[in-house]
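First comes the structure, then the notes that go with it.
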Amino acid sequence: MGKKSGFFILMVLILSAALGWQVYQRLLESGQKFSSRDMATRPIPVEVASVQQDSIQQQRTFSGTLQAQTETVVAPKVSGRIEQLNVDLADLVSPGQVVAQLDNDEYVQLVRQAEAELAVARANLAEAQSQLKIAERELQRIDKLRQRGVSSESQSDAAKADQLTKQVHVEVTRAQVTRAESALEGARIRLGYTTVTASWRGDSEQRVVAERYVDEGETVSANTPLLRIVELDPITVVFFVTERDYALLQQGQSANLTTDAYPGESFSGTVVRISPVFRESTRQAQVELRVTNPLLRLKPGMFVRVTVTLEQADDAVIIPEQALITRDGRSGVFVVSTDGETVNWRPVTLGIQQGSRVQVTGEPLTGQVVVLGQQLLDDGSPIRIAREATGTRP
């Protein structure tokens, strides 16, 4: 009796559960149909923004380093002990300014020796010229005696040979004078090298001592660096770009740079050089920017951030970036109808992007676009404008 009663209760429970499940499914399908009809007819609240016509720029910011426009290493052309250094680190230097003086006692003596040798060579030349004149007079005397039949032909030949010998001796001593003059000039030049001056090519009137390598009293050999002098106005910025931005760069483009040394300030520059090759290790190309630096505030070695305007469009059609949505693999926007009650789907071609502003090209686009709620929309969907976004600028 107990087994039959339990089996009966179990069957009642199973039938009740099946009946309840069918009722639930019907109620659920009914609710979904109602929801779909409701969504299709009820206006969807959205936010919109106006399509603008304005100028827009595509900018990139790169990390770079400041470098001196040019630099010169000052070194003596002769060896010697440094008696005096006239400039020090950070001093301004003009072209032709004496920056160092070497001990010149040895070179002064060499000049005096060369002067003495020149004097001897000139005396030898005077003596040779005098002997030549005597030989020429003797030849003339022998020729006159021969005409009168007093002297022989052999005496005439001997006088002629002596005259030619004296003439050759004059040429030799004259060459010795030239050699002595050259030696004296060389000694004077080497003496002048003991006075070390700053010199460079270019129009800059002043440069700055960036490094000093020696101290007074040190003995240096020829071509030993004493000072490094750099030009800081203008100054050069070096940065590197990838292939994506390389094609958009060209000489003459303007740029702005900032540095942590002067927060809140920016400096303007111009692109002057673009490398024709990419580095294989980084796949980047070097770009150089020239920046005016009249107050010499920017220094080589500083880290800077360079912002370059790669593209610019005037009178462009601009929409907020948040208005864009992708449907069927294409970017587009929902444009509000003139009565403000429905929207139309419009595919667009993207152009320059600046912050949250995007340029769109193709068919003319005017009016308002949906910037919030477009995920719920289809072409022709009814809408209710909750509010209009204020502006599209970043």
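List of remarks:
- Among the residues making up segment 214-253, those that are among the charged types (D, E, K, R) and within 28 Å of the chain's Cα centre (by Cα) are Arg228, Glu231, Asp233, Glu243, Arg244, Asp245.
- Residues considered: Gly149, Gly186. Of these, the only one that is loosely packed, with under 15 Cβ neighbours inside 10 Å, outside the structural domain of Tyr213 (by TED's automatic domain parsing) and part of a loop (DSSP other than H, G, I, E, B) is Gly149.
- One residue alone among Thr173, Thr195, Thr165, Thr224 is over 30 Å from Val271 (Cα atoms) and touching a helix residue (DSSP H, G or I) at 6+ places or on another chain (Cβ under 6 Å), and that residue is Thr173.
- Selection from segment 286-306 of residues that are of a type in the set (A, V, I, L, M, F, W, C) and touching an Asp or Glu at 6+ places or on another chain (Cβ under 8 Å): Leu296, Phe303
- Restricting the search to strands (runs of 3 or more DSSP E) fully inside segment 295-394 and requiring at least 3 residues that are within 30 Å of Phe267 (Cα to Cα) gives 303-320, 349-354, 357-361.
- Which numbered condition Ala180 fails, given (1) touching an Asp or Glu at 6+ places or on another chain (Cβ under 7 Å); (2) not in a helix (DSSP H, G or I): (2)
- One residue alone among Val308, Val287 is in contact with a Phe, Trp or Tyr (Cβ under 8 Å, 6 or more places away or on another chain) and either modelled with pLDDT of 95 or more or assigned by TED's automatic domain parsing to the domain that holds Phe334 (or both), and that residue is Val287.
Conditions (1) touching a residue at least 60 places away in the same chain (Cβ under 8 Å); (2) of a type outside the set (S, T, N, Q), marked per residue:
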{"residue": "Gln284", "(1), (2)": "no, no"}
{"residue": "Lys299", "(1), (2)": "yes, yes"}
{"residue": "Ile319", "(1), (2)": "yes, yes"}
{"residue": "Leu324", "(1), (2)": "no, yes"}
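- Pairs with Cβ under 9 Å, 6+ apart, first in segment 244-257 and assigned by TED's automatic domain parsing to the domain that holds Val277 and in contact (Cβ under 8 Å) with a residue 12 or more places away in the chain, second surrounded by fewer than 16 Cβ atoms within 10 Å (Cβ to Cβ) and assigned to a loop (DSSP other than H, G, I, E, B): Asn256/Ser266; Leu257/Ser266
- Selected residue [loosely packed, with under 14 Cβ neighbours inside 10 Å, over 30 Å from Phe62 (Cβ atoms), out of contact with any His (no Cβ under 8 Å at 6 or more places or on another chain) and acidic (Asp, Glu)] from Asp328, Asp314: Asp328
- Of the strands (runs of 3 or more DSSP E) lying entirely inside segment 195-244, those containing at least 3 residues that are out of contact with any Lys or Arg (no Cβ under 7 Å at 6 or more places or on another chain) and closer than 13 Å to Gln69 by Cα are 235-241.
- Of the residues making up segment 198-231, those that are closer than 21 Å to Val291 by Cβ and polar (S, T, N, Q) are Ser204, Gln206.
- Options Val220, Val238, Val208, Val196; residue that is surrounded by fewer than 19 Cβ atoms within 10 Å (Cβ to Cβ) and either more than 30 Å from Ile134 (Cβ to Cβ) or not assigned by TED's automatic domain parsing to the domain that holds Arg283 (or both): Val238
- Asp260 fulfils the conditions (1) touching an Asp or Glu at 6+ places or on another chain (Cβ under 7 Å); (2) farther than 30 Å from Val371 by Cβ except for a single criterion, (1).
- Residues of segment 159-183 satisfying the condition of being surrounded by 15 or more Cβ atoms within 10 Å (Cβ to Cβ) and farther than 30 Å from Asn223 by Cα: Ala159, Lys160, Asp162, Gln163, Lys166, Gln167, His169, Val170, Thr173, Arg174, Gln176, Val177
- For beta carbons closer than 6 Å, sequence separation of 6+ or different chains, a first residue in segment 155-175 that is in the same structural domain as Ala119 (by TED's automatic domain parsing) and a second that is among the small types (Gly, Ala, Ser), the qualifying pairs are Asp162/Ala135; Gln163/Ala135; Lys166/Ala135; His169/Ala128; Val170/Ala128; Thr173/Ala128.
- Looking only at segment 250-294, residues that are of a type outside the set (Phe, Trp, Tyr) and assigned to a strand (DSSP E or B) come to 22 in all.
The values are calculated or read from the model by the stated rules, or taken from the named source; none is laboratory data. Source: prediction; values computed, not measured. When we count neighbours, we look across all protein chains shown, and the Cβ atoms used for this are built from the backbone with ideal geometry, even at glycine.
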